[in-house]
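Please read the structure below before turning to the comments.
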Amino acid sequence: MRDTFNRKIDYLRISVTDRCNLRCRYCMPEEGVPSVGHGQVLSFEELFRVARIAVEQGVCKIRLTGGEPLVRKGLISFVERLCQLPQQPELTLTSNGLLLAAQAGELKSVGLQRVNVSLDTLKPERFEQITRRPGLEQVLAGIYAAEAAGLLPLKLNMVPIRGVNADEIADFARLTFAHNWQVRFIEFMPVSGGLDYPPESRFSAAEITEVLRGIAPLQELARKGPAGPARLFQYAGAKGVVGVIPAVSEHFCGECNRLRLTSDGFLRPCLFCENEIDLRTPLRAGCSDDDLVRLLRGAVEIKPERHHLAEEQGVQTRIRKMQGIGG
């Protein structure tokens with residue numbers, strides 16, 4: 001599938017739930033947000049049908065997201081079914097890590113290939129302040145369990161926020177000397193209002209890179225094929241690599257190859273636009289596979305050229321918050 005800007009669309013992110021067991025300050029308010037009703041969330045059978053058709057249309061990578069995907073019961077069986085698709089798409093998962101230690105081995109055994117873990121601090125008190133929940137030791141245990149299970153290369157996602165945790169960039173980067181991890185620093189994206197961190201809290205990609213270069217000589221790695229949004233670097237002698245994702249200051253839209261399916265059955269061609277295509281209604285009305293193909297290709301056709309976060313210079317008012325989109 002190619003969009004109107006000739007980008008090959010071969011990556012589908014599937015949000016299996018909008019529920020989460022953390023309350024991160026840059027994602028949702030302390031009281032949380034109303035969850036979509038149980039009857040509105042797509043069943044695993046419905047999610048699988050969309051995934052199957054997407055793979056038949058050329059999608060070769062699927063990422064499972066949330067909310068927090070590991071809170072949904074039955075996820076491991078769903079992962080196993082996806083891994084049994086004859087086209088064998090690459091299957092990965094993004095998690096906050098709290099429940100990962102108990103599930104990493106089984107996820108690997110049914111075919112999951114690797115995980116991304118979101119972690120914004122290595123300090124227990126700061127973890128609780130950012131997420132409004134305790135649990136840093138559980139997350140670290142989950143990371144090590146994923147590594148031991150072979151869910152590699154493990155990617156660790158950190159969002160530096162000015163005055164909050166940007167002083168830990170160097171500590172995260174030094175993890176790559178001892179571990180074969182990809183530690184990625186993602187620019188803070190102020191995608192909704194009413195949260196604790198304003199747009200000026202963003203620590204830019206240029207500032208992140210300056211900190212990284214201050215640790216030791218840093219070599220930029222050549223990009224290979226559709227390498228994703230991260231610019232990758234490595235320190236001499238390090239087992240892993242560091243990555244910088246300039247999500248706002250230097251958008252990577254020209255290489256965007258993804259669609260997003262929300263847990264309640266809406267297909268989004270872009271993270272930052274509100275255009276959505278309803279799949280839940282036709283799915284439950286008995287639509288044919290050909291109907292779903294047309295809807296899928298329709299989403300590809302309306303995919304915008306790029307987002308405009310940098311020009312907007314502020315928080316956008318959005319119908320959906322991040323946990324409802326799936327990142």
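Read the figures in this text as sums done on the coordinates, not as results from a lab. Just so it is clear, the structure is predicted and the values come from calculations on it, not from any experiment. Here Cβ is always computed from backbone atoms with ideal geometry, including for glycine, and neighbour counts include all displayed protein chains.
Looking at the stretch 120-128, can you tell me whether even one residue there is over 30 Å from Gly58 (Cα atoms) and hydrophobic (A, V, I, L, M, F, W, C)? Checked against the condition, which is being over 30 Å from Gly58 (Cα atoms) and hydrophobic (A, V, I, L, M, F, W, C), the stretch 120-128 yields at least one hit.
If you go through the stretch 32-52 and keep only what is hydrophobic (A, V, I, L, M, F, W, C) and either under 24 Å from Asn21 (Cβ atoms) or surrounded by fewer than 18 Cβ atoms within 10 Å (Cβ to Cβ) (or both), you end up with Val33, Val36, Val41, Leu42, Phe44, Leu47, Phe48. Pairs are defined by a Cβ separation below 8 Å, a sequence spacing of at least 6 or placement on different chains, a first member in the stretch 94-105 that is closer than 16 Å to Gly74 by Cβ, and a second member that is β-branched (Val, Ile, Thr) and surrounded by fewer than 22 Cβ atoms within 10 Å (Cβ to Cβ); the pairs so defined are Leu99/Val71; Gln103/Ile76.
Could you say whether any residue in the stretch 172-181 is touching a helix residue (DSSP H, G or I) at 6+ places or on another chain (Cβ under 6 Å), hydroxyl-bearing (Ser, Thr, Tyr) and within 30 Å of Glu90 (Cα to Cα)? No, there is no match, as no residue in the stretch 172-181 is touching a helix residue (DSSP H, G or I) at 6+ places or on another chain (Cβ under 6 Å), hydroxyl-bearing (Ser, Thr, Tyr) and within 30 Å of Glu90 (Cα to Cα). Scanning the stretch 165-175 for residues that are under 14 Å from Leu119 (Cβ atoms) and surrounded by fewer than 22 Cβ atoms within 10 Å (Cβ to Cβ) yields Glu168, Asp171, Leu175.
For the stretch 62-97, a tally of residues being small (Gly, Ala, Ser) and surrounded by fewer than 22 Cβ atoms within 10 Å (Cβ to Cβ) returns 2. Residues of the stretch 131-159 that are in contact with a Cys (Cβ under 7 Å, 6 or more places away or on another chain) and among the basic types (Lys, Arg): none at all.
Pairing each residue of the stretch 163-181 that is within 15 Å of Tyr197 (Cβ to Cβ) with any residue that is of a type in the set (Lys, Arg) and in a loop (DSSP other than H, G, I, E, B), provided the two are 6+ apart or on different chains, yields C-beta distances under 9 Å for Val164/Arg25; Asn165/Lys123.
Screening the stretch 43-123 for strands (runs of 3 or more DSSP E) wholly inside it with 1 or more residues that are closer than 24 Å to Arg280 by Cβ returns the ranges 61-65, 90-95. The C-beta contact set for the stretch 278-299 (first residue surrounded by 18 or more Cβ atoms within 10 Å (Cβ to Cβ), second residue among the small types (Gly, Ala, Ser) and in a helix (DSSP H, G or I), distance under 7 angstrom, 6+ apart or interchain) comprises Leu296/Ala54.
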